[in-house]
Amino acid sequence: TTDVRTLSRNFKEFDGKEVTVSGWVRNMRDSKTFGFLVLADGTFFNPVQVVFNQDKIDNFDEVCHLNVGAAVYVTGIVTLTPEAKQPFEIQATKVEIEGKSTPDYPIQPKRHTMEYLRTQTHLRPRTNTFQAVFRVRSLCAYAIHKFFQERDFVYVHTPLITGSDCEGAGEMFQVTTMDLNNIPKTEDGKVDFSQDFFGHATNLTVSGQLNGETYAQAFKNIYTFGPTFRAENSNTTRHAAEFWMIEPEISFADLEDDMILAEDMIKFVINYVLEHAPEEMEFFNNFIDKGLLDRLHHVASSDFGRITYTDAVAELEKHNDEFDYKVSWGCDLQTEHERYLTEKIFGKPVFVTDYPKEIKAFYMKLNEDGKTVAAMDCLVPGIGEIIGGSQREDDYDVLVQRMKECGLKEEDYQFYLDLRKYGSSRHAGFGLGFERCVMYLTGMGNIRDVIPFPRTVGNCDL
Ligand code: 4AD
Ligand code: MG
């Protein structure tokens, strides 16, 4: 068979030739002596139009009774149709039915809401919106690997089951093989994890960073790209319980190097997707987010904004009457503030740097003022934070002090402290939320619609 992609990209060469394509029926129309079949095979965003005539195929009635969703093979002659919307069609000489569908197929050729399609998680990839989303998601993943591989970064597979809490926010899913109806207890009534599978408490990772840092102190430049898990009880359009994160870590490098890397990566991914998914991006621009293409082209060719947390707060305080949650120095920026900064004040992606140490993780390098850390968040219009990163504390004593302040036990982080003992080098890194990146590239408004099988508060179906 011929892929619809190959056919569509080279249709002129196929003019007058016989082809066989396979695919699923998207739409059906028939009259007494002929009919049309819209056939999608998933290899190309635009489906092909098939014309079938009573006197050219021997199972005309059966084909007329096909339902949307059916799987078929079509053999026929490619005919150019310069007058029509689609540049060519296939005039069928044979239609073989591979798998029938029924009239109650849940995705009929009409506009369905995203909410409805979420109830059809297994069938929604057959719609044009989700064909576009998941091809772009795939290309985006490939582009990220390509970006780092071309720079000779080593791809490190960090563990998913871990004993540590990288972000110190306590938002972890616990992993256990204990019988929850019969939990072993110690003499003082606490859960006895020594009897558990690993001999101590474990959880699903919230970030591969701490493990990643150890490899960066051996390979200089590394990245991770894998699933991470957060039991955040936030039911928003930007939070998932299971999401993928890309975490590069660079040695002999500081916060400035970190931001340059992040900006280069985002621009690379934008350009890659624009080049490799033109039909899909055109679709998003027309039907999901008007102006998306202009915006992405602009972002790819101009500098990101930069502002310190302190200056950002000073700017935002001027607009406090517009916020539900008022801003003052020391507070964590909420999504409404992040979006105000990137959408109204900068009108483009912006790095906010040097946050107060109290609202950031223990591993971030303390600045000379003793109050702020060498952190950066990258905020983008429409979403807010897509990247969180920092230079890492490389001084043993300062790190121990920070861990004490954060209530962490030294013995739980011995390997991490060792890095500061044996040839500690300046280093920095960041985490890009993969789904938020896909949302940014596609204009999709809900994280549930860029994940094949989303896991969010109260939802772990399929
Ligand atoms: O800012 P975060 O928590 O940073 C870290 O985890 C660091 N260890 C990264 C590093 O420096 N290596 O998370 C990084 C990014 C966020 O900017 C956001 O894009 C995404 O991960 N993210 C989520 N995406 C979807 N659902 C959630 N619940 C997310 N939590 C964070
Ligand atoms: Mg963050």
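Take every Cα pair under 8 Å in region 147-203 that's 6+ residues apart, average their separations, divide by the length, and report that relative contact order as a whole percent. It would help to have the intermediate numbers written out before the result.
Values: 44 pairs, mean separation 21.1, N = 57.
Normalised by residue count, the contact order of region 147-203 is 37 percent.
Counting Lys and Arg as +1 and Asp and Glu as -1, what is the net charge of the other residues whose Cβ lies under 13 Å from the Cβ of Thr202? Intermediate values should be presented prior to the final figure.
Numbers: positive: none; negative: Asp165, Asp196, Asp412.
Combined, the nearby Lys, Arg, Asp and Glu give -3.
Going Cα to Cα from Lys94, which aspartates and glutamates come in below 14 Å? Please leave out same-chain ones fewer than 8 positions away.
List returned: Glu18, Asp55, Asp58, Asp61, Glu62.
Kindly provide the Kirkwood hydrodynamic radius of region 246-386 in Å, to one decimal, from all pairs of distinct alpha carbon atoms.
Details: mean 1/r = 0.0606 Å⁻¹.
Averaging 1/r across every pair of different Cα atoms and inverting gives 16.5 Å.
Starting from the Cα of Ser101, step 7 Å along the direction of its Cβ; do the same at Lys190; then give the gap between the two resulting points in nm.
Rounded to a tenth, the inter-label distance reads 5.7 nm.
Find the accessible area per residue for region 154-208; the probe is 1.4 Å, ligands and nucleic acids are left out, and the unit is Å².
Values: 3500 Å² over 55 residues.
Counting only protein heavy atoms, the per-residue value for region 154-208 is 64 Å².
Taking the Cα centre of the chain as the origin, how large is its charge dipole in debye, to the nearest 20, when only Lys and Arg (+1) and Asp and Glu (-1) carry charge on their Cβ atoms?
Numbers: 48 positive and 72 negative charges, 282 e Å.
The calculated dipole for the chain is roughly 1360 debye.
With the other protein chains left in place, how much accessible area per residue, in square angstrom, belongs to region 1-75 at a 1.4 angstrom probe?
Numbers: 3760 Å² over 75 residues.
Roughly 50 Å² per residue, with all protein chains present.
Taking a probe of 1.4 Å, how large is the accessible area per residue of region 305-462, in Å²?
Details: 6530 Å² over 158 residues.
Solvent-accessible surface per residue comes out at 41 Å².
How far apart, in nm, are the 7 Å Cα→Cβ label points at Asn27 and Asp55?
Each label point is offset 7 Å from its Cα along the Cβ direction, giving 2.8 nm.
Give me the orientation-averaged projected area of the Cα convex hull of region 1-136, in nm², one decimal.
Seen from a random direction, the Cα hull of region 1-136 projects 8.4 nm² on average.
Mind computing the radius of gyration and Dmax over the alpha-carbon atoms of the chain? Å is fine for both.
Gyration radius and largest Cα-Cα distance of the chain: 26.7, 86 Å.
Considering only DSSP states other than H, G, I, E and B, which trypsin sites (Lys or Arg not before Pro) in region 113-162 qualify as loop sites with at most 15 other Cβ atoms within 10 Å? Show your work: numbers first, answer last.
Values: sites: Arg118, Arg126, Arg135, Arg137, Lys146, Arg151; in loops: Arg151.
Those that pass, being in a loop and sparsely packed, are Arg151.
Taking GluC sites (Glu not before Pro) that fall in a DSSP loop and have at most 12 other Cβ atoms within 10 Å as cut points, what is the longest piece of the chain between them? The partial results should precede the final answer.
Values: sites that count: Glu83, Glu187, Glu368.
Answer from the scan: 188-367.
Give me the percent of the accessible area of the chain that comes from carbon and sulfur atoms, probe 1.4 Å, all protein chains in place. Before the final figure, lay out each step's value.
Working: 10810 of 22110 Å².
After summing per-atom areas, the C and S share lands at 49 percent.
Would you tell me the accessible area of Cys378, worked out with a 1.4 angstrom probe on the heavy atoms of the protein chains, in Å² to the nearest 10?
Answer for Cys378: close to 0 Å² accessible.
The values are calculated or read from the model by the stated rules, or taken from the named source; none is laboratory data. Note that the coordinates shown come from a computational prediction; the quantities given were computed from them, not determined experimentally. So basically every Cβ, Gly included, is an ideal-geometry build from the backbone, and we count neighbours across all protein chains shown. Ligands, DNA and RNA are excluded from the accessible area calculation, which covers all protein heavy atoms including side chains. Shrake-Rupley method; radii C 1.70, N 1.55, O 1.52, S 1.80 Å.
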